[in-house]
Amino acid sequence: MKKEMIMNDLKSNQKRIADAGLKVTQQRLAILELIRTLEHPCTENVYESLQKNSLDVSLGTVYNTLESFADRGLISRMVTETGLVRYEPNCDGHYHLYSREENRIEDYKNEELQQYLADYFKRNKIPGFSIDEIQVQITGRFESE
Ligand SMILES: [Zn+2]
């Protein structure tokens, strides 16, 4: 994690944390920034990265912080088939390609699919359920190039 990168996003991250009704702290800023720089990190990934950057935060605090961010919609959480929770920034509707073998997740962006799903559920409301977010995970194998 580069120092300059943290500075660039500091202002907007401060605002995002405050807007979510949380107190802006060094720890929260660092964790929010890490979610952007690491790819779909789990709690341990974030924890290890903080340690590398000499930020001494306990694993429990990292977990609680990530969960409170996710609860407030600051970041998204996803659960892989192995039950591991991974986090990521709120991205404009992208989907996930997941390889069970490699336990690897890649983003899959497709505006047509996004539009299609939005339109579909607008036309076909699910009785007794209101949709916040649609997540799609496509499971398969990455072919070697
Ligand atoms: Zn993603």
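I'd like the GluC sites (Glu not before Pro) in region 96-134 restricted to DSSP loop residues with at most 15 other Cβ atoms within 10 Å, sorted by number.
On the way: sites: Glu101, Glu102, Glu106, Glu111, Glu112, Glu133; in loops: Glu101, Glu102, Glu133.
Of the GluC sites (Glu not before Pro), the ones in loops of region 96-134 whose Cβ has at most 15 other Cβ atoms within 10 Å are Glu101, Glu102, Glu133.
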Among Asp132, Asp71, Asp107: highest mean-square fluctuation, GNM of the chain, C-alpha pairs under 10 Å: Asp132
Quick one: how many lysine pairs in the chain have C-alpha atoms under 26 angstrom apart, if they're 8 or more apart or on different chains? 15
Whole number please: convex hull volume per residue, Cα atoms of region 3-89, in Å³. 85
If you average the sequence gap of Cα pairs under 8 Å that are 6 or more apart and divide by the length of region 3-89, what percent do you get for the contact order? 27
Could you size up the charge dipole of the chain around its Cα centre, putting +1 on the beta carbon of Lys and Arg and -1 on that of Asp and Glu, and report it in debye to the nearest 20? 580
If you build a Gaussian network model of the chain, linking Cα atoms that sit under 10 Å apart, which residue out of Ile134, Ile126, Ile105 swings the most? Ile126
Dipole size in debye (nearest 20) for region 95-140 around its Cα centre, Lys and Arg Cβ +1, Asp and Glu Cβ -1? 260
Rg and Dmax of region 49-125, Cα atoms only, in Å: 16.0, 51
Within the chain, excluding any trypsin sites (Lys or Arg not before Pro) found in a DSSP loop (not H, G, I, E or B) and having at most 10 other Cβ atoms within 10 Å, the longest uninterrupted segment runs 24-124
Pick out, from Ile138, Ile105, Val57, the residue whose Cα sits farthest towards the positive end of the charge dipole of the chain, with +1 on the Cβ of Lys and Arg and -1 on the Cβ of Asp and Glu. Val57
What are the semi-axes of the equivalent ellipsoid of region 95-140, taken as the square roots of 5 times the eigenvalues of the Cα gyration tensor, listed largest first and rounded to whole Å? 26, 13, 7
Per the charge dipole of region 3-89 (beta-carbon charges, Lys/Arg positive, Asp/Glu negative, Cα centre), the residue among Leu22, Asn45, Ile35 reaching farthest to the positive end is Leu22
Which percent of Cα pairs goes in each bin when the distances of the chain are cut into 5 angstrom slices starting at zero? 2, 8, 17, 18, 18, 15, 11, 7, 3, 1, 0
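No lab work stands behind these numbers, since they all come straight from the coordinates. Small disclaimer: the values here were computed from a predicted structure and weren't measured. Quick reminder, even Gly has a Cβ in these numbers, built from the backbone with ideal geometry, and neighbours come from all protein chains shown.
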